[in-house]
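Asker: Here it is, the structure in full.
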């Protein structure tokens, strides 16, 4: 009888200790979190662009960008949709980056992410690159946390202009559309 009680007790301890100690979910690192957020935001941005949904895209921007554009944000987004020639039919896998822009001994102060789609092809044969940047952490400035800026480059026009440029002063407004602006200086 005593051996049975010991066996049951031992089994109970082993099963509960495995459940408590061995099955804990691994903690997500700052880098993994930044890349996960970049991927989610990038996918949502591309979906909004493909659907030409100005409301959905406007809702993704952080408060800093929304405040900067005010009532003109949705018209800027519509201009972006007009800039893209045709319907998006294919693109490369999303590329993400996340990094500390500033760090103190107490942890991150500014932590940014970027999502990039290359070879975004339309049904009219135009090649674009779409990238967006945002922050997962911006200490003392929550209005900057989120998706801040979006760039869409017409790769065909940019190659043509860059190949023929003799001045070295290329104005990318001839082959890109951009919504939002990063702060000119760190607000920390």
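Since every read-out is calculated from the coordinates, none of them should be taken as a lab result. Since this is a predicted model, take the numbers as computed values, not measurements. Because the Cβ atoms are built from the backbone with ideal geometry, glycine has one as well, and the counts that use them run over all protein chains shown.
Asker: Take the Cα atoms of the stretch 28-94, find their three principal axes, and give me the spread along each one in whole Å, biggest first.
Answerer: 38, 33, 14
Asker: Just for the Cα atoms in the stretch 28-179, what are the lengths along the principal axes, largest first, rounded to whole Å?
Answerer: The Cα atoms of the stretch 28-179 stretch 49, 36, 28 Å along the principal axes, largest first.
Asker: Considering Cα pairs under 8 angstrom that are at least six residues apart, work out the relative contact order of the stretch 28-179 and quote it in whole percent.
Answerer: 21
Asker: Could you tell me what a quarter of the Cα convex hull surface of the stretch 72-154 works out to, in nm² with one decimal place?
Answerer: Mean shadow area of the hull around the Cα atoms is 6.4 nm².
Asker: Rank-order 86-94, 175-183, 143-151 by packing density, defined as the average count of other C-beta atoms within 10 Å over each peptide's residues, highest first.
Answerer: Going from most to least packed, we get 143-151, 175-183, 86-94.
Asker: What is the extension gain from residue 105 to residue 140, computed as 0.36 nm multiplied by their sequence separation minus the C-alpha to C-alpha distance, in nm to one decimal?
Answerer: 11.0 nm
Asker: If I stretch the segment between residue 90 and residue 74 completely, what's the gain in nm (0.36 nm per residue apart, minus their alpha carbon distance), one decimal?
Answerer: 3.2 nm
Asker: Under a plain spin-label model, where a point goes 7 Å from the Cα along Cα-to-Cβ, how far apart in nm are residue 52 and residue 178?
Answerer: About 2.6 nm, to one decimal.
Asker: Modelling each spin label as a point 7 Å along the Cα-to-Cβ direction, I'd like the residue 81/residue 36 distance in nm, to one decimal.
Answerer: Each label point lies 7 Å from its Cα, and together they span 3.2 nm.
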